[in-house]
Amino acid sequence: MASSANNDRPNHRTARAFCLTSAFWFAAAASFGMIGAGYLIAPDFMANIGWLHFGKARPMHVNLMLFGFVTPGLLAAAFYYVPKLLRTALYSEKLGVFTAILWNITLPIGVVGLAQGRSQGREYAEWPWSVDMLIVVLFALVIFNLVMTVRRRLEPIIYVSIWYVCAAVILTGTTYCIGNVIWKPSTGALLGIPDAILLWFYGHNVFGLLLTPLGLGVAYYVLPLATRSPLYSHTLSLIGFWSLIVVYTHIGTHHLLQVPVPTWLKTIAIVDSVAMVIPVMVFLINIWYTVQGKLGTIHADIGAKFVFTGTIYYFFVNIQGSMMALPQVQRVTHFNNWVVGHAHIGVLGFAGVVAIGGIYYVLPKITGRPLYSRFLADLQYWLLLIGVTGFAVVLTIVGLIQGNAWLNGETVYRVLPEIHLYYILRASLGVFIISGAYIGLYNIFRTLYFNPGAATACE
Amino acid sequence: MYYPYFITYMLAGFVISVGVFIWALNNGQFKEQQRARFLPLEGELETQPVRGSRMGRLETYALFSLACCGLLASAAVLAFALWRAP
């Protein structure tokens, strides 16, 4: 099964398969998100379609975004750059392709399970137990392939991107098992407060220990390469990596500050949330110094443009995150649409945009041809930029209206008419995002297949 | 019954991290940091970078403006929340 380092030129079939997987599920996930947005405007929207009501469309949207679009998109770039940085071939392209196929079997099973109402009812952990087990297997396969590639490396130094991608899959493989309580197949949950604590350790770590390190790994690879600049400091990047591992793992309980969980756990969560400023600023200072004076070059390269934009969203989402962990701020921002806006900036604005950038950056290298359409990629960029930024603005406003009203003792139903307009705006902005998703799918598909562009030397 | 699960969770991450850190230390992963900076560029330097354009610069300014607006909005919310705090 293993391919030798001396084999013929790599064909990058694994990276190709993950690119296509990500593009397809982005379109699907955005479609479910659009359905959810429709329900928020008109609660009887599609009311007769039982398998697609809001309570089912929403987890389909969220889980497909996390595990269908963003994770495979970031892994697609990783499956390209890990062998390249280690000067060896991927341990097994066959295993990689098998993983991608199994990935695309797992997700429809999950969607059908949710449509049948077999949700485990825990936010970000709704997949049925059978799908949980398949996802654990998928992570095990990815870990095996990447770790074996690292073991066979010809380059002794492990570049920071590889640290990030390996940490992401290993830690998530572990936390997925624990956070989804896979030893209790019938419920996938504990009872009461302990379940909430465990769930939010997992829920926040899906972003913190999966999407964040995968995204940073792509940024650390793409931006120096696109600008032909050496990394400002590799030592600094390792400090950022280890501080993220230390700090990010324990902050999930900041979702539960209003809940009777142990105070020491809340304190850890708040302190570590604020301390997240350290790894975040270490990364941003490092990567922005690396590309200093070369913003024109970045914006001339569509992949780098997406990735750099993702780093700006990363800055915002983390500044927000540190702020939102403060109990005084949470009194206004928690349990309302502010948090939804925050999640969209993080998952789509940072990780999703970086994933698309990584795909667009590696596609010409793995196909040996230019992108099918630079224009479509640019169009997708602006659609997503307007969509995500608009989402952030609208949902932040809605969140402040809700938070302030509840702080003043208003009841929920009296606030709803006030925010209806914003839900319409939100759905309108969703049209930008869903359009971008389908345009991206077409562009990526045409780049991989039926691409009329002139062939160049394939790496 | 509160503690075993999330202490196991925290310990699992901690033990894995410490183990890997010790391996990295012994494996020389914190040496040759100057060479490590250039690793992505190896085998790539012969290619000329893509040239910037006027449109690209305009996009840069637009993004920078967006970033400033977002930062100001975040600061305003923080100030508002602290002002409203009882």
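The values are calculated or read from the model by the stated rules, or taken from the named source; none is laboratory data. What you are looking at is a predicted structure, and each value in this text was computed from that prediction instead of being measured. Quick reminder, even Gly has a Cβ in these numbers, built from the backbone with ideal geometry, and neighbours come from all protein chains shown.
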Looking at (1) in contact (Cβ under 8 Å) with a residue 12 or more places away in the chain; (2) out of contact with any Leu (no Cβ under 7 Å at 6 or more places or on another chain), find the lone condition where residue A:286 falls short. (2)
Residues within the range A:221-237 that are surrounded by fewer than 23 Cβ atoms within 10 Å (Cβ to Cβ), more than 7 Å from chain B (Cβ to nearest Cβ) and assigned to a helix (DSSP H, G or I), tallied: 1
Determine, yes or no, whether residue A:159 is at pLDDT 95 or above and facing chain B (nearest Cβ under 8 Å). yes
Report, by residue number, each residue of the range B:9-40 that is of a type in the set (S, T, N, Q) and more than 7 Å from every other protein chain (Cβ to nearest Cβ). B:26, B:27, B:34
With the structure loaded, tell me whether residue A:200 is outside any helix (DSSP H, G or I), under 19 Å from residue B:8 (Cβ atoms), aromatic (Phe, Trp, Tyr) and within 11 Å of another protein chain (Cβ to nearest Cβ) or whether it fails that test. no
The conditions are (1) at the interface with chain A (Cβ under 7 Å from one of its Cβ atoms); (2) out of contact with any Asp or Glu (no Cβ under 9 Å at 6 or more places or on another chain); (3) modelled with pLDDT under 85, and residue B:47 fails exactly one of them. Which is it? (1)
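So is residue A:214 surrounded by 22 or more Cβ atoms within 10 Å (Cβ to Cβ) and either assigned to a helix (DSSP H, G or I) or more than 10 Å from chain B (Cβ to nearest Cβ) (or both) or not? Talk me through it step by step, then tell me what you get.
Values: surrounded by 22 or more Cβ atoms within 10 Å (Cβ to Cβ): yes; either assigned to a helix (DSSP H, G or I) or more than 10 Å from chain B (Cβ to nearest Cβ) (or both): yes.
When the stated conditions are applied, residue A:214 passes them.
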Quick check: anything in the range A:245-253 at negative phi, within 11 Å of chain B (Cβ to nearest Cβ), out of contact with any strand residue (DSSP E or B) (no Cβ under 9 Å at 6 or more places or on another chain) and surrounded by fewer than 21 Cβ atoms within 10 Å (Cβ to Cβ)? yes
Can you name the number of the only condition in (1) in contact (Cβ under 8 Å) with a residue 24 or more places away in the chain; (2) within 14 Å of another protein chain (Cβ to nearest Cβ); (3) not small (Gly, Ala, Ser) that residue A:266 fails? (1)
The residue that is farthest from residue B:39 (Cα to Cα), considering only those in the range A:272-294 that are surrounded by fewer than 21 Cβ atoms within 10 Å (Cβ to Cβ) and of a type in the set (Ser, Thr, Tyr), is A:289
Out of the residues in the range A:400-459 that are of a type in the set (S, T, N, Q) and in contact with a Gly (Cβ under 9 Å, 6 or more places away or on another chain), which is farthest from residue A:30 (Cα to Cα)? A:456
Selection within the range A:334-358 - among the hydrophobic types (A, V, I, L, M, F, W, C), within 11 Å of another protein chain (Cβ to nearest Cβ) and touching a residue at least 60 places away in the same chain (Cβ under 8 Å): A:338
How do the pairs read when you match residues in the range B:14-35 that are under 18 Å from residue A:209 (Cβ atoms) with residues anywhere that are of a type in the set (D, E, K, R), using Cβ under 7 Å and keeping only pairs 6 or more apart or on different chains? none
Please find, among A:361, A:423, A:413, the residue that is within 13 Å of chain B (Cβ to nearest Cβ) and either crowded, with 24+ Cβ neighbours inside 10 Å or not in a loop (DSSP other than H, G, I, E, B) (or both). A:361
So residue A:331 clears everything in (1) over 17 Å from the mean Cα position of the chain (by Cα); (2) more than 8 Å from every other protein chain (Cβ to nearest Cβ) except one condition, right? Which one? (2)
Within the set of pairs 6 or more residues apart or between chains, which connect a residue that is within 18 Å of residue A:222 (Cβ to Cβ) and in contact (Cβ under 8 Å) with a residue 24 or more places away in the chain inside the range A:162-175 to a residue that is small (Gly, Ala, Ser) and buried (at least 23 other Cβ atoms within 10 Å of the Cβ) with Cβ atoms less than 8 Å apart? A:162/A:217; A:163/A:217; A:164/A:217; A:165/A:78; A:165/A:217; A:168/A:217
Does at least one position in the range A:121-132 carry a residue that is modelled with pLDDT under 95 and farther than 20 Å from residue A:172 by Cβ? yes
Candidates A:392, A:405 - the one that is of a type outside the set (Lys, Arg), touching a residue at least 60 places away in the same chain (Cβ under 8 Å) and part of a helix (DSSP H, G or I): A:392
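Out of A:167, A:76, I need the residue that is small (Gly, Ala, Ser), in a helix (DSSP H, G or I), closer than 28 Å to residue A:234 by Cβ and away from chain B (no Cβ under 12 Å). Which one?
Numbers: A:167 fails: away from chain B (no Cβ under 12 Å).
After ruling out the rest, the residue left standing is A:76.
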Odd one out for residue A:188 among (1) under 18 Å from residue B:8 (Cβ atoms); (2) outside any helix (DSSP H, G or I); (3) facing another protein chain (nearest Cβ under 10 Å): (3)
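Quick one: is residue A:290 more than 8 Å from chain B (Cβ to nearest Cβ), farther than 25 Å from residue B:77 by Cβ and in contact with a Pro (Cβ under 8 Å, 6 or more places away or on another chain)? Show your work before the answer.
On the way: more than 8 Å from chain B (Cβ to nearest Cβ): yes; farther than 25 Å from residue B:77 by Cβ: yes; in contact with a Pro (Cβ under 8 Å, 6 or more places away or on another chain): yes.
The answer is yes for residue A:290.
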Unmet criterion (only one of (1) in contact (Cβ under 8 Å) with a residue 60 or more places away in the chain; (2) part of a helix (DSSP H, G or I); (3) among the acidic types (Asp, Glu)) for residue A:126: (2)
